[in-house]
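Notes for the one structure printed next.
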Amino acid sequence: MTSAGNERLLLAGDVGGTKVDLAVVSTERGAREALATRRYASGDYVSLAEMVREFLREVALEVEAACVDVAGPVIRGEARLTNLPWEINEASLASALEVEKVWLLNDLVATANAIPLLRPEELHPVKDGQPVPGGTIAVLAPGTGLGEAFLTQEVGGYRAYASEGGHAAFAPTNDLELELLRELWDRFDHVSFERVASGVGIPNLYEFLRDRRGRPESKRLAVRLEKAQDRTRPILEAALDPAEPDPLAYATMVLFLQILGTEAANLALKMLATGGVYLAGGIAQALRGPLGTAPFLHAFTRAGRFSAMLELVPVQVVMGEVALLGAASEGLRLLRDHS
């Protein structure tokens, strides 16, 4: 089965370390209305090309191009995934799939591309504001690392751009954070915001409060952390326990929210994000309630002479997985422009 008339088909993909989501979308129906979708286990295939060929056989559709986002940097049309033995190259993948063109995107850029398409039910409001129509949009994603991106209004709509702002130097705003920075200087040559405002950073905050500030650690949580490969999850789960939040985990969460609020404000100021700030990823979704409280909000609007501007900037959490939608949207734009 193939498309008819002037309908042009695109393969869209969201490639992660454990799973891959694939879809076929068309220029006529748009990114939201996929003709076919499937989810595959990444480890079951030796290459992305093998997986995509199987998908296209199953759905009996022929595409002329592909747009795929990957969890990692894309440099000169190449990407190497951290958790998969796959090296993906635009030209090689296009040849293997027998399509005219393949575009690779960073996964956060794909997420950013989805933001203009999101519906109200796909967003959780953290802070009200007065967004400027067409204003720049900032995207902050505290995941394993700290991803940052932004969108600007251009001819035909918004365009997303990558940033490595999460690796900029951490700047403390109070005595506690200054002590934290000094502690981390003993361990790291460069202390970035990612060291303190991400999944890898949350255990650093926990250990600092426990070891340097003398906050007692519960035996129950200590046992969980000793067995955990990902220590961020049990810390946040303990902090968010509705029956009895763990005091040390809760203090860790509060410190995290303060630092994240500061970096969200930094990004908003650097990008002049009058269109809003969007927080993406699993950590932001898990903390969508606490993000609307004083630790984050006060840090976000504490900007001296520019506090009044930040008061007008809305902040929202992106709910669910939207990278595939963003890859489809950007791919269709590129396909329309590609002759």
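Largest first, what is the accessible-area ranking of Arg305, Arg224 with a 1.4 Å probe? Working shown, then result.
Working: Arg305 225, Arg224 105 Å².
I get Arg305, Arg224, largest accessible area first.
Would you tell me the accessible area of Phe170, worked out with a 1.4 angstrom probe on the heavy atoms of the protein chains, in Å² to the nearest 10?
10 Å²
At 1.4 Å probe size, what's the solvent-accessible area of His298? Round to the nearest 10 Å².
Using a 1.4 Å probe on the heavy atoms, I get roughly 120 Å².
Using θ = phi - 60° and the Karplus curve 6.51 cos²θ - 1.76 cosθ + 1.60, what whole-Hz ³J(HN,Hα) does each residue of segment 6-16 get, with Gly and Pro shown as x?
Going residue by residue, I get 8, 5, 10, 9, 10, 8, 10, x, 10, 9, x Hz, with x marking Gly and Pro.
Determine the relative contact order of segment 168-266: mean sequence separation of Cα pairs under 8 Å and six or more apart, normalised by residue count, in whole percent. Present the calculation step by step, with values, prior to reporting the outcome.
Details: 85 pairs, mean separation 23.9, N = 99.
It comes to 24 percent, rounded to a whole number.
With all distinct Cα pairs included, what does the Kirkwood hydrodynamic radius of segment 195-339 come out to in Å, to one decimal, could you say?
For segment 195-339, the Kirkwood estimate is 17.0 Å.
Which one, Gln130, Leu151, Asn174, projects farthest toward the positive side of the charge dipole computed for segment 59-189 from Cβ point charges (K/R +1, D/E -1)?
So the residue furthest toward the plus end is Gln130.
Suppose each label sits 7 Å from its Cα in the direction of the beta carbon; what would the His338-Glu100 distance come out to in nanometres?
Here the answer is 0.8 nm between the modelled labels.
Relative contact order of the chain, please, whole-number percent, based on alpha carbon pairs below 8 angstrom and at least 6 residues apart.
Values: 648 pairs, mean separation 74.6, N = 339.
Rounded, it is 22 percent for the chain.
Based solely on its DSSP helices, what 222 nm [θ] is calculated for the chain when runs of n ≥ 4 H residues each add -39,500 (n - 2.57) and the sum is averaged over all residues, nearest 500 deg cm²/dmol?
-11000 deg cm²/dmol
With a/c under 1.5 counting as rounded, go ahead and sort the chain into rounded, prolate or oblate using the C-alpha gyration tensor (a ≥ b ≥ c being the square roots of the eigenvalues; past the cut-off, prolate if a/b is larger than b/c, else oblate). Could you put the intermediate results ahead of the total?
Values: a/c = 2.23, a/b = 1.61, b/c = 1.39.
It is prolate, given that a/c is not under 1.5 and a/b is the larger ratio.
Explain nothing, just the number: relative contact order of segment 263-339, from Cα pairs under 8 Å at least 6 residues apart, as a whole percent.
Working: 54 pairs, mean separation 29.7, N = 77.
39 percent.
List the residue ranges in the chain for DSSP H helices whose C-alpha atoms run 24 angstrom or more along the long axis and whose Kyte-Doolittle average is 0.0 or above.
247-271
May I ask you to rank Glu122, Glu78, Glu148 by accessible area, largest first, using a 1.4 Å probe over the protein chains only? Intermediate values should be presented prior to the final figure.
Working: Glu122 40, Glu78 100, Glu148 10 Å².
So the residues, ranked largest to smallest area, are Glu78, Glu122, Glu148.
List every residue whose amide H lies under 5 Å from the amide H of Asp69, counting only residues 5 or more places away in sequence or on a different chain, with H placed 1.01 Å from N in the peptide plane.
Correct list: Gly13, Asp14, Val15, Leu105.
Which whole-angstrom value gives the distance between the alpha carbon centres of segment 63-84 and segment 228-262?
Using only Cα atoms, the two centres lie 33 Å from each other.
The values are calculated or read from the model by the stated rules, or taken from the named source; none is laboratory data. Quantities reported herein were computed from a predicted structural model and do not represent experimental measurements. Cβ: placed from backbone, ideal geometry, glycine included. Neighbour counts: every protein chain shown. To get the accessible areas, we keep the full protein, side chains included, count just its heavy atoms, and leave off ligands, DNA and RNA. Shrake-Rupley method; radii C 1.70, N 1.55, O 1.52, S 1.80 Å.
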